[in-house]
């Protein structure tokens with residue numbers, strides 16, 4: 001792209017050089033000859049003595065013909081056309097083009113200003129919302145803490161209840177077991193007593209044989225066992 | 001010297017045959033054509049740029065908007081302050097028209113600034129002159145004419161000298177200096193380019209006195225390139241100077257000196 005531009009630039013420069021000599025022939029040699037001819041003719045007419053081939057004034061007039069007209073003398077047609085061109089551009093631009101352009105610039109300026117204002121409003125809203133969220137989060141956190149505390153307290157209470165219940169149950173079980181033990185012991189003692197009595201009677205019968213009748217023997221043995229029983233307690 | 005050799009007189013560089021109605025009061029020549037083409041370019045640029053109205057400007061719209069704002073910032077506001085904003089369309093027209101009519105000096109195959117014909121700068125200077133005088137009367141009323149040439153703080157007897165000088169410089173010299181400045185710069189630039197072009201042509205192409213001349217041909221050619229770039233700068237600068245001076249004169253007319 002850059003090379004293409006450079007080439008184009010170079011081409012333009014060469015083209016300019018090629019075209020430059022043309023202004024040198026701007027008005028054309030013919031035109032110049034015509035003017036010169038008219039000037040010389042005028043000089044001859046104004047100085048009759050010239051026809052005799054003399055006169056310094058005539059020579060001066062001829063010299064003047066060779067001089068260039070001043071560049072500072074404006075050409076009337078150029079003033080008219082140039083002026084007309086300027087007046088047209090002035091009217092069209094100031095009446096139509098520039099107001100349209102300014103309108104466009106104003107519209108853009110307004111749009112940018114509105115957008116900036118909208119953006120700043122949106123930011124403020126967002127900030128307010130974020131503050132709201134932050135406070136909501138704070139509330140939620142403290143609520144969560146309260147809930148946690150309560151849950152902890154509940155758990156503690158439940159634990160204490162459970163432990164107490166378990167302890168009382170254990171105590172009950174223990175009591176019941178002791179009672180069972182005691183009953184079993186008593187039963188065992190009764191059984192033992194009956195067996196010991198039977199054994200003793202059998203034994204005594206065999207020893208004493210018929211020395212004693214049966215009822216007497218029985219009473220004797222019972223009293224003996226009672227004394228033994230109270231002695232063992 | 002080169003010109004004297006090649007041209008019967010300097011006007012050969014500046015006078016154009018009439019395209020329509022030669023030698024009449026309505027003669028339409030190349031200079032007039034340039035003026036109208038510049039008008040069309042200005043109108044096209046700002047018409048397209050002004051009516052497109054895209055939110056994000058690009059291309060012609062960008063150039064038109066940037067150009068307009070550059071004139072507003074660097075000429076209207078710089079010379080006149082906030083008051084200059086409503087003058088911007090006038091200054092922008094003046095600047096861009098002068099610029100486009102100047103820039104022909106480096107446009108290939110045209111290479112002639114229409115402002116090097118005294119008629120164009122003279123007309124523009126008259127526009128500027130009339131504008132600042134009318135602006136003076138509009139802003140200050142009838143007292144403008146005298147307040148403008150009577151600087152405050154000048155002791156009585158000095159006024160006899162100062163007032164005529166001020167009158168002369170403000171009402172008579174200003175339009176002339178505006179016109180001559182633009183005209184002389186563009187004319188000088190055109191003559192300079194023509195001289196270098198003719199020298200290059202003589203050394204490289206005609207070579208009337210042999211091949212030896214070819215060695216020196218690149219020198220005027222390089223000069224030609226350099227001065228073409230320089231002319232581009234001059235075209236912008238002269239348009240800017242003409243417009244900002246107009247702005248300064250209008251500003252002076254708008255405010256009485258204190």
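Here's the yes/no breakdown for (1) over 27 Å from residue B:189 (Cα atoms); (2) more than 7 Å from chain A (Cβ to nearest Cβ); (3) in contact (Cβ under 8 Å) with a residue 40 or more places away in the chain:
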site: B:13; (1), (2), (3): no, no, yes
site: B:82; (1), (2), (3): yes, yes, no
site: B:93; (1), (2), (3): no, no, yes
site: B:101; (1), (2), (3): no, yes, yes
site: B:117; (1), (2), (3): no, no, yes
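A single member of B:178, B:214, B:222 is at pLDDT 90 or above and exposed (fewer than 14 other Cβ atoms within 10 Å of the Cβ), and it is B:222.
A quick yes/no check of all residues on (1) modelled with pLDDT of 80 or more; (2) facing chain B (nearest Cβ under 8 Å):
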{"site": "A:27", "(1), (2)": "no, yes"}
{"site": "A:31", "(1), (2)": "no, yes"}
{"site": "A:38", "(1), (2)": "yes, no"}
{"site": "A:42", "(1), (2)": "yes, no"}
{"site": "A:58", "(1), (2)": "no, no"}
{"site": "A:75", "(1), (2)": "yes, yes"}
{"site": "A:87", "(1), (2)": "yes, no"}
{"site": "A:94", "(1), (2)": "yes, yes"}
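With respect to the conditions (1) farther than 30 Å from residue B:55 by Cα; (2) without any contact (Cβ under 8 Å) to a residue 24 or more places away in the chain, residue A:124 falls short on a single one, namely (1).
Tally up the residues in the range B:22-37 that are in a helix (DSSP H, G or I) and more than 7 Å from chain A (Cβ to nearest Cβ), please. Give the derivation first.
Step one: list which residues in the range B:22-37 are in a helix (DSSP H, G or I), which gives B:30-37.
Among the residues that remain, those that are also more than 7 Å from chain A (Cβ to nearest Cβ) are: B:30, B:33-34, B:37.
Number satisfying all stated conditions: 4.
Does residue B:158 count as out of contact with any strand residue (DSSP E or B) (no Cβ under 7 Å at 6 or more places or on another chain), surrounded by 15 or more Cβ atoms within 10 Å (Cβ to Cβ) and either at pLDDT below 90 or within 24 Å of residue B:88 (Cα to Cα) (or both)? Spelling it out, it is not the case that residue B:158 is out of contact with any strand residue (DSSP E or B) (no Cβ under 7 Å at 6 or more places or on another chain), surrounded by 15 or more Cβ atoms within 10 Å (Cβ to Cβ) and either at pLDDT below 90 or within 24 Å of residue B:88 (Cα to Cα) (or both). Scanning the range B:49-73 for residues that are more than 9 Å from chain A (Cβ to nearest Cβ) and part of a helix (DSSP H, G or I) turns up B:59, B:60, B:62, B:63, B:66, B:67, B:70, B:71, B:72, B:73.
The values are calculated or read from the model by the stated rules, or taken from the named source; none is laboratory data. Bear in mind that the values here come from a model prediction, so they are computed numbers and not experimental data. Counting neighbours? That spans all protein chains shown, and the Cβs are built from the backbone with ideal geometry, glycine included.
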